[in-house]
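So the structure is just underneath, and the comments pick up after that.
The values are calculated or read from the model by the stated rules, or taken from the named source; none is laboratory data. Because the structure is a prediction, the values reported are computed rather than measured. Using ideal geometry, Cβ is built from the backbone for each residue, glycine included, and neighbour counts are taken over all protein chains shown. Ligands, DNA and RNA are stripped out before the accessible areas are found, and what is left, the full protein with its side chains, is counted by its heavy atoms. Shrake-Rupley method; radii C 1.70, N 1.55, O 1.52, S 1.80 Å.
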Amino acid sequence: MKYKKMIFLFFFLISYSITSLASEKEKMSLTKERLSGAGIQPSLGLENIFLEGTISLIEKNERRIVIRDQSILIKSQTSFTRENSSVPLSFQDLKIGSEIRVDVAYEKGELTASSIHQFNE
């Protein structure tokens, strides 16, 4: 009688483990299918946020700036504004040490700027 219980428990645990593994594999494949769909990018919740700080690096060839150790891509659609000034601002006008606020979005695995606002110096 003792051995029957042990054998039953043994087979129960093995069947439970096999069922659990199959369920996890199915969940993983469904997740991969959703993430690999056309036009779908996984999100880390980094949409419509902004960073304020001092520009520590400007990479003119790659059209990137670095603020608070975050590399941000500047696209042609990025808008530029200056505080208390009607003079237009462009990527070429940015300088290391300038205080700015950048509205960013997480796109295709990197931060991209939608707008840059430079504070008075």
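Output ³J(HN,Hα) for the range 59-72: one whole-Hz value per residue in order, computed from phi by the Karplus curve 6.51 cos²θ - 1.76 cosθ + 1.60 with θ = phi - 60°, and x for Gly and Pro.
So the J values, rounded to whole Hz, are 10, 5, 5, 9, 6, 9, 10, 10, 9, 6, 6, 10, 7, 10.
From the protein chains alone at 1.4 Å, what is the descending order of accessible area for PHE11, PHE119, largest first? All intermediate terms of the calculation are to be shown ahead of the outcome.
Details: PHE11 125, PHE119 50 Å².
Descending accessible area places them as PHE11, PHE119.
Looking only at the range 49-121, where both bridge partners belong to it, what percent of the DSSP beta bridges are antiparallel (to the nearest 5)? Please report the intermediate quantities before stating the final value.
Details: 22 of 29 bridges.
Antiparallel: roughly 75 percent of the beta bridges in the range 49-121.
Once amide H atoms are built 1.01 Å from N in the peptide plane, which residues 5 or more positions from VAL104, or in another chain, come under 5 Å H to H?
Residues meeting the criterion, in which the H sits 1.01 Å from N, are ILE49, PHE50, LEU51, SER114.
Taking amide H positions as placed 1.01 Å from N in the peptide plane, with prolines and chain starts having none, which residues 5 or more places from SER98, or on another chain, fall under 5 Å of its amide H?
Excluding prolines and chain starts, which carry no amide H, the hits are ILE55.
What number comes out for the charge environment of SER71, summing +1 per Lys or Arg and -1 per Asp or Glu over other residues with Cβ under 10 Å away? The partial results should precede the final answer.
Numbers: positive: ARG64; negative: GLU59, GLU62, ASP69, GLU110.
After counting each charged neighbour, the total is -3.
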